[in-house]
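The values are calculated or read from the model by the stated rules, or taken from the named source; none is laboratory data. Not measured: the values here are computed from a predicted model. All Cβ positions, even for glycine, are placed from backbone atoms using ideal geometry, and neighbour counts span all protein chains on display. Side chains are part of the model used for accessible areas, which takes the heavy atoms of the whole protein and leaves out ligands, DNA and RNA. Shrake-Rupley method; radii C 1.70, N 1.55, O 1.52, S 1.80 Å.
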Amino acid sequence: MIATEQPDVSLQWLHEGHAGSLHRLLQENRTHLTEHGDYREQVSTSLDVIRSELSAANGLRFGILVRDALVGRIDLVPVEPPQFGLGYWLAKNATGQGYATAAVRALVAYAATELGASDIYAGVTHGNARSEALLRRTGFVAVARFDTYTRFHRSLAASSIQD
Ligand SMILES: CC(C)(COP(=O)(O)OP(=O)(O)OC[C@H]1O[C@@H](n2cnc3c(N)ncnc32)[C@H](O)[C@@H]1OP(=O)(O)O)[C@@H](O)C(=O)NCCC(=O)NCCS
């Protein structure tokens, strides 16, 4: 479990036991999650496939929990360690309360201290203003613009991990 700046919000390693609630959350938030063209594959993933993904002992996948309820997911992707990618989503009814901000800050700190990460990158589809705002709020800067998305970067120099 990883604590965050919000006492009610924590990150927990996702495991097989979360498959049902994760699948349900994806189904309930199909429109919200695919609004900008992302997560189309995930919302169509069957419960069995989610269960087998979560039972594999690889990956840095975390549930975002408010008290004990799963409200979203955040992942570190070991693209080229010590450089990592970052992905995240919240259920629609969990947005607007700083939960994703708390989750990103906590996972960035975890990546720096526990994984020795040097850089974290995230790609945001054009038009996803909430995700861009979240990344800017947590110290990321836009470093490259592509046809469909902007790449954001956060350096994990020791002096900047408290941002
Ligand atoms: C991207 C996404 C996670 C952002 O969610 P979000 O709710 O905007 O982000 P947060 O949880 O950090 O909440 C920030 C909001 O809570 C408010 N807030 C309240 N308390 C807060 C606190 N303690 N700290 C920070 N913000 C707080 C902020 O003012 C902000 O409100 P605003 O949007 O009216 O400005 C969400 O829109 C989402 O899941 N989208 C679909 C999936 C997706 O696009 N994923 C990203 C792909 S790159």
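A few notes on this one:
- Any hit, the stretch 97-116, residues being within 13 Å of the ligand (Cβ to nearest atom), assigned to a strand (DSSP E or B), open to solvent by 30 Å² or more (accessible area, probe 1.4 Å) and under 23 Å from Gly59 (Cα atoms): no
- Identity of the residue in the stretch 124-144, closer than 19 Å to Ala106 by Cα and touching a Phe, Trp or Tyr at 6+ places or on another chain (Cβ under 7 Å), that ends up surrounded by the fewest Cβ atoms within 10 Å (Cβ to Cβ): Val141
- The residue pairs whose first member lies in the stretch 31-45 and is without any contact (Cβ under 8 Å) to a residue 60 or more places away in the chain, whose second member is charged (D, E, K, R) and open to solvent by less than 60 Å² (accessible area, probe 1.4 Å), and whose beta carbons are closer than 9 Å, counting only pairs six or more residues apart or on different chains, are Gln42/Arg73.
- Evaluating Leu25 against the criteria (1) over 18 Å from Arg67 (Cα atoms); (2) within 15 Å of the chain's Cα centre (by Cα); (3) in contact (Cβ under 8 Å) with a residue 60 or more places away in the chain leaves one unmet condition, (1).
- Some residue of the stretch 21-30 being at pLDDT below 95, surrounded by 15 or more Cβ atoms within 10 Å (Cβ to Cβ) and within 11 Å of the ligand (Cβ to nearest atom): no
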